[in-house]
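Encoded as structure tokens, the structure appears first; notes follow it.
The values are calculated or read from the model by the stated rules, or taken from the named source; none is laboratory data. This is a predicted model, so every value here is computed, not measured. Here Cβ is always computed from backbone atoms with ideal geometry, including for glycine, and neighbour counts include all displayed protein chains. The accessibility values were calculated without ligands, DNA or RNA, using every heavy atom of the protein model including side chains. Shrake-Rupley method; radii C 1.70, N 1.55, O 1.52, S 1.80 Å.
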Amino acid sequence: MHKNTNVLVKAIRLATLAAVAAPATVMAGGFSLNEQSASQMGVANAGAAANPENATTVFFNPAGMSQLSGTNISFGAAVLDIDAEAKSASARNFFGEDVPGSKGGDIADLAVLPNFYLTHEVNDSIDVGFGIHAPYGLAADYDDDFVGRYFADKTELTAISFSPSIALNNGKGLSMGLGVNIMYAEGRLTKFQDVRGGFLQAGIAQAMAQAGVSDPSLLPPGTLAAIQAGASAQADGYEQAYGTPYADIEGDDVAVNFRVGFLYELNERTQFGLSAQTGTEFDLDGDVKITKFPVRDGQGGVSPTTLTEDVTVPLAIPESITVGARHKLTDTVTVLGGATYARWGRFEELDINSREGASGNVSGATGRTGDTPITHITEKWKNTWQFNVGGIWQATPEWAFKAGYAFDESPVDQFVTARIPSEDRHWLTLGAQWNDVASGWTVDAAVGTLIFADDVKVNEFQYQHDAPSQKDPNAGASNYTGEYELSAWSAAIEVSKAF
């Protein structure tokens, strides 16, 4: 068993440098990113829990480190480009009036996802490892004149994980591994604000004071219709004069979860793996800033101001369990299969909660009190399955060729939103591997395409926090409908070295 302390130190330094390259985010099924390793991407991650080819097993199943000798490093990057564009889009404002604008353009940009993994054999029974990777990510960015701008503008989530791991084996074909994922995440949510409801409430309050009544229903006939028409005209004039108010929410947090894995070698041709990850939750602490918010100027008019308030955004990360199998049909052909179950049902809502109580500027201006969030979006995601199959053909001692297929369920269920227009998808991949046995260097390359099962249909309303399936009466007739066409391709490269 080859041990090299200098190599280990150099690899750790390289891992530290890799952390500087923060991964770009991208829209995905849920928040999870499949593109963690070119060697596994070549077979669509099929049997990854039972196929420890190199140091990337730190991510897929830490128990696999027990089958690697000496010191191993793997590093690389994946490129993912999703074309997500609305084929049709329309929206209504608070009063049910059509919102003018565009379909929002292509909302997903090219993303680059780097990764680095390291394993080191301490002795015949113990291996340790370390990984830096981007386990979760999300991004969508609409054009500013998007018709659904009162529902979504920018949505961003960037997460990077530092993952120390350890593996133990009993020398009889059974290994167990444990990994800790120390994750740092940054999030951002933005949208334009529809202020028509505020102008309406101000107009009703003024009319009630003038009429000396305590209930809007006691106002003279036709008064409410006249107030609504006036509020609509006021809001249009305000937006033309000052621009549309804009809400920008940012936050970050550190969270920890754990991964435990088992690997069992049935015989020299067949082995099975299992990897389970615990759930956790980010509490993205930051602030909300609303610019151009209309406030009364004391002279019967309104003027724009900037409101800020400290907030937190809870974000649930699911438990998951992965099983995998690897079987060598012949000396040159290997088949792989696996499945992953993820408990995305933990993600029930996307709320912006105040950390200042009713004393915050935004809460004071909007009348928010108690535990009611500043903003609520009903999500109610569902638990999902991913199924993978793949194969490897060792054409020569140096060259291997790979292919894989995965079916990936979308966790988004009945509450499809403009922020995450997701659908079930098929993932087809091809890969190639070159291995120089003498030097220990291996290079993997893979390409893949995502074929979405159907166009995504969005019919979004604002819902109540206490009754998540019921429309929020304070949002009036606000609504966004759209139909999205999704397609994507990906490519990855990975360099591995065994010392």
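Quick notes
- Here is the figure for the stretch 376-424: residues that are part of a strand (DSSP E or B) and surrounded by fewer than 21 Cβ atoms within 10 Å (Cβ to Cβ) total 12.
- Flag for F293 being modelled with pLDDT of 95 or more and either closer than 30 Å to D408 by Cα or aromatic (F, W, Y) (or both): no
- Among the residues listed as A233, A247, the single one being over 19 Å from the mean Cα position of the chain (by Cα) and open to solvent by less than 20 Å² (accessible area, probe 1.4 Å): A247
- Qualifying residues in the stretch 425-439 (those that are part of a strand (DSSP E or B) and of a type in the set (G, A, S)) - the one farthest from F31 (Cα to Cα): A432
- Residue that is nearest to F146 (Cα to Cα), among those in the stretch 425-448 that are polar (S, T, N, Q) and surrounded by fewer than 22 Cβ atoms within 10 Å (Cβ to Cβ): N435
- Residues in the stretch 413-444 that are in contact (Cβ under 8 Å) with a residue 60 or more places away in the chain and either of a type in the set (A, V, I, L, M) or out of contact with any strand residue (DSSP E or B) (no Cβ under 9 Å at 6 or more places or on another chain) (or both): A418, I420, L428, L430, A432.
- No other residue among E281, E309 is part of a strand (DSSP E or B) and within 26 Å of Y246 (Cα to Cα) apart from E309.
- Residue check for T369: open to solvent by 60 Å² or more (accessible area, probe 1.4 Å) and either over 22 Å from the mean Cα position of the chain (by Cα) or modelled with pLDDT under 90 (or both): yes
- The stretch 346-366, residues that are open to solvent by less than 60 Å² (accessible area, probe 1.4 Å) and either touching a Phe, Trp or Tyr at 6+ places or on another chain (Cβ under 9 Å) or closer than 18 Å to G251 by Cβ (or both): F347, L350, D351, I352, N353, S354, G357, G360, V362, S363, A365
- Any hit, the stretch 96-104, residues being without any contact (Cβ under 8 Å) to a residue 40 or more places away in the chain, exposed (fewer than 15 other Cβ atoms within 10 Å of the Cβ), in a loop (DSSP other than H, G, I, E, B) and not hydroxyl-bearing (S, T, Y): no
- When S487, S478, S469 are screened for being of a type in the set (S, T, Y) and surrounded by 20 or more Cβ atoms within 10 Å (Cβ to Cβ), only S478 passes.
- Filter pass, D252 being acidic (D, E) and open to solvent by less than 30 Å² (accessible area, probe 1.4 Å): no
- With respect to (1) touching a helix residue (DSSP H, G or I) at 6+ places or on another chain (Cβ under 8 Å); (2) open to solvent by 40 Å² or more (accessible area, probe 1.4 Å); (3) over 30 Å from N267 (Cα atoms), the lone exception for Q210 is condition (1).
- Residues that are under 30 Å from G279 (Cβ atoms), open to solvent by 10 Å² or more (accessible area, probe 1.4 Å), at pLDDT below 85 and of a type outside the set (D, E, K, R) do occur in the stretch 3-17, at least one of them.
- Those residues of the stretch 449-466 which are of a type in the set (A, V, I, L, M), within 9 Å of E423 (Cα to Cα) and open to solvent by 40 Å² or more (accessible area, probe 1.4 Å), in sequence order: A453
- Enumeration of residues in the stretch 72-95 that are among the acidic types (D, E) and either within 30 Å of V122 (Cα to Cα) or open to solvent by less than 50 Å² (accessible area, probe 1.4 Å) (or both): D81
- Filter result (in contact (Cβ under 8 Å) with a residue 60 or more places away in the chain and surrounded by fewer than 23 Cβ atoms within 10 Å (Cβ to Cβ)) within the stretch 171-184: G173, L174, M176, L178, V180, I182, M183, Y184
- Within the stretch 309-340, considering residues that are in contact with an Asp or Glu (Cβ under 9 Å, 6 or more places away or on another chain) and open to solvent by 60 Å² or more (accessible area, probe 1.4 Å), the one farthest from A233 (Cα to Cα): K328
- One residue stands out among those in the stretch 120-157 that are over 25 Å from S410 (Cβ atoms), of a type outside the set (G, A, S) and not in a strand (DSSP E or B): the one that is nearest to the chain's Cα centre (by Cα), which is D144.
- Matching residues in the stretch 185-207 - criterion: being charged (D, E, K, R) and either within 24 Å of P135 (Cβ to Cβ) or open to solvent by 30 Å² or more (accessible area, probe 1.4 Å) (or both): E186, R188, K191, D194
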